[in-house]
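Only one structure is covered here, and it is reproduced in the block below.
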Amino acid sequence: MTEGLIDLVGIEQWIYSLLEADTTISGLVGTNIYSGGMAPQDATYPCIVFGLITSSDTVGNSAQRILTVSRYLVRAVDQVESQNGNLKTLAQRIDVLLSPPTATGTVESGTHILGSYRESPFNGILEAWNILYRHLGGYYRIYTS
């Protein structure tokens, strides 16, 4: 049986640890990986930002929850003025790590990551704190039990 909200904590732990452990990503952003959908105002760029978009449960007999399917937006972010080319490299590494066959595992919370895949790409320029930021990444479906 899946644990619902505990699964979401586990997914975020899994995404963070997977990205942080990658030498290409850590070489470009260090530990500047942020959950919750946005970077803090004093963030160092480039960075990676991820956040929950939606989540739904599948139930079996006796309305027991057996599977949670979550959709996360995971993306590399840099200031628009930056032309260092790291966004493409970061987005490609994110996609490799969150796509089959590597996208499985179990985290400390007991959440079992059954699989993950990119549902659609994401590319945009967004404004925050009067600064323009380029975002490159994707929407990922993550299955847990």
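The values are calculated or read from the model by the stated rules, or taken from the named source; none is laboratory data. Treat the numbers as computed from the prediction; the structure is a model and nothing was measured. FYI the Cβ positions are ideal-geometry reconstructions off the backbone, even for glycines, and counts take in every protein chain you see.
Only one of these is part of a helix (DSSP H, G or I), touching a strand residue (DSSP E or B) at 6+ places or on another chain (Cβ under 9 Å) and not hydrophobic (A, V, I, L, M, F, W, C): GLY36, GLY10. Name it. First the steps, then the outcome.
Details: GLY36 fails: part of a helix (DSSP H, G or I).
Testing whether each residue is part of a helix (DSSP H, G or I), touching a strand residue (DSSP E or B) at 6+ places or on another chain (Cβ under 9 Å) and not hydrophobic (A, V, I, L, M, F, W, C) leaves just GLY10.
Taking LEU132 as the residue in question, decide whether it is at pLDDT below 95 and either closer than 17 Å to ASN32 by Cα or more than 16 Å from the chain's Cα centre (by Cα) (or both). First the steps, then the outcome.
Details: at pLDDT below 95: yes; either closer than 17 Å to ASN32 by Cα or more than 16 Å from the chain's Cα centre (by Cα) (or both): yes.
Against the criterion (at pLDDT below 95 and either closer than 17 Å to ASN32 by Cα or more than 16 Å from the chain's Cα centre (by Cα) (or both)), LEU132 qualifies.
If a residue has to be among the small types (Gly, Ala, Ser) and surrounded by fewer than 11 Cβ atoms within 10 Å (Cβ to Cβ) to count, how many in region 61-91 make the cut? Working first, answer last.
Here is the first cut: in region 61-91, the residues among the small types (Gly, Ala, Ser) are 62-63, 70, 76, 82, 85, 91.
Pick out the ones that are also surrounded by fewer than 11 Cβ atoms within 10 Å (Cβ to Cβ) and you get 62-63, 85.
Total meeting the criteria: 3.
Cβ-Cβ distance below 9 Å, separation of 6 or more or different chains: which pairs start in region 18-36 with a residue that is under 15 Å from ASP95 (Cα atoms) and touching a residue at least 12 places away in the same chain (Cβ under 8 Å) and end on one that is of a type in the set (Ser, Thr, Tyr) and not in a helix (DSSP H, G or I)?
LEU18/THR102; GLU20/THR31
Please give the number of the condition GLU20 fails out of (1) in a strand (DSSP E or B); (2) of a type outside the set (Gly, Ala, Ser); (3) under 16 Å from VAL96 (Cβ atoms).
(1)
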